[in-house]
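Presented below is the structure to which this report refers.
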Amino acid sequence: MKNYKIQLITLLAGSLLVGCMKKDDPFVDRVVAPVLVVVDNAVGDGGGMNGEPIVSQKVSGPVTLAVRVFELDKSGILNYKVGIDSIPVTSLTIKLTKRDGTALGDLKTDNTGRASLTKTWAELGVTAPKAGSSVSLTWTGEYKGQAFARLSRVQAVN
């Protein structure tokens, strides 16, 4: 009986160790983004805390889309007096597209790291905008040889 208990414990311990093996995700290749892309005028957080920030724009007016791009200097991360510094990325080319691949424009960041574009709802593909109409967007670019993409959405309000 004692031999049986030892074998059972060994089997359980072995199965637990097998379940602890780290496996790579075969579907998503995760790479740290080279920049922080903050969507201006987003409801809530336009930075990294929301996967798809939503920007509300009036049905009757033009649609202004803007982002701010920062490089994060983490050299002072262990010093609470310094922390992480956000440095604006200047003269960076960003391409704005709809999720279906339709190009909306090429933008370039200014001295503050901001890039903006103004379109009409019709130019965004919404011919008769009403409250709740939305367009899913992708901001893409390349910084220091590494590509990045930021998702967002613009939604019509009264």
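Some observations on this one:
- Heavy atoms of the protein chains alone define the surface here; on that basis the range 87-158 has 53 Å² accessible area per residue at 1.4 Å probe size.
- In terms of distances greater than 24 angstrom between alpha carbons, the cross-link table entries Lys74/Lys144; Lys95/Lys144; Lys58/Lys119; Lys108/Lys144; Lys95/Lys130; Lys108/Lys130 yield Lys95/Lys130; Lys108/Lys130.
- Once both labels are positioned 7 Å from their Cα atoms along Cα-to-Cβ, the gap between Lys98 and Lys144 label points is 3.5 nm.
- Restricting the trypsin sites (Lys or Arg not before Pro) of the range 111-158 to loop positions (DSSP other than H, G, I, E, B) with no more than 13 neighbouring Cβ atoms within 10 Å leaves Lys130, Lys144.
- Selection from Leu96, Ile54, Ala149, by position along the positive dipole direction of the range 41-158 (Cβ): Ile54
- Here is the result for the range 111-158: no chymotrypsin sites (Phe, Trp or Tyr not before Pro) lie in DSSP coil with at most 14 other C-beta atoms within 10 angstrom of their C-beta.
- Spacing of the modelled spin labels on Thr120 and Val82, each 7 Å from Cα toward Cβ, amounts to 5.2 nm.
- In Hz, Karplus ³J(HN,Hα) per residue of the range 137-153 (6.51, -1.76, 1.60; θ = phi - 60°; x = Gly, Pro): 10, 9, 9, 10, x, 9, 9, 6, x, 10, 6, 9, 9, 10, 8, 7, 9
- Cut-off 15 Å between beta-carbons: net charge of the residues surrounding Asn79, Lys and Arg +1, Asp and Glu -1: 0
- Distance between modelled label sites at Ser60 and Leu8, nm, 7 Å Cα→Cβ extension: 7.7
The values are calculated or read from the model by the stated rules, or taken from the named source; none is laboratory data. This is a predicted model, so every value here is computed, not measured. Cβ atoms come from the backbone with ideal geometry, glycine included; neighbour counts cover every protein chain shown. All accessible areas refer to the heavy atoms of the entire protein, side chains included, with ligands and DNA or RNA removed. Shrake-Rupley method; radii C 1.70, N 1.55, O 1.52, S 1.80 Å.
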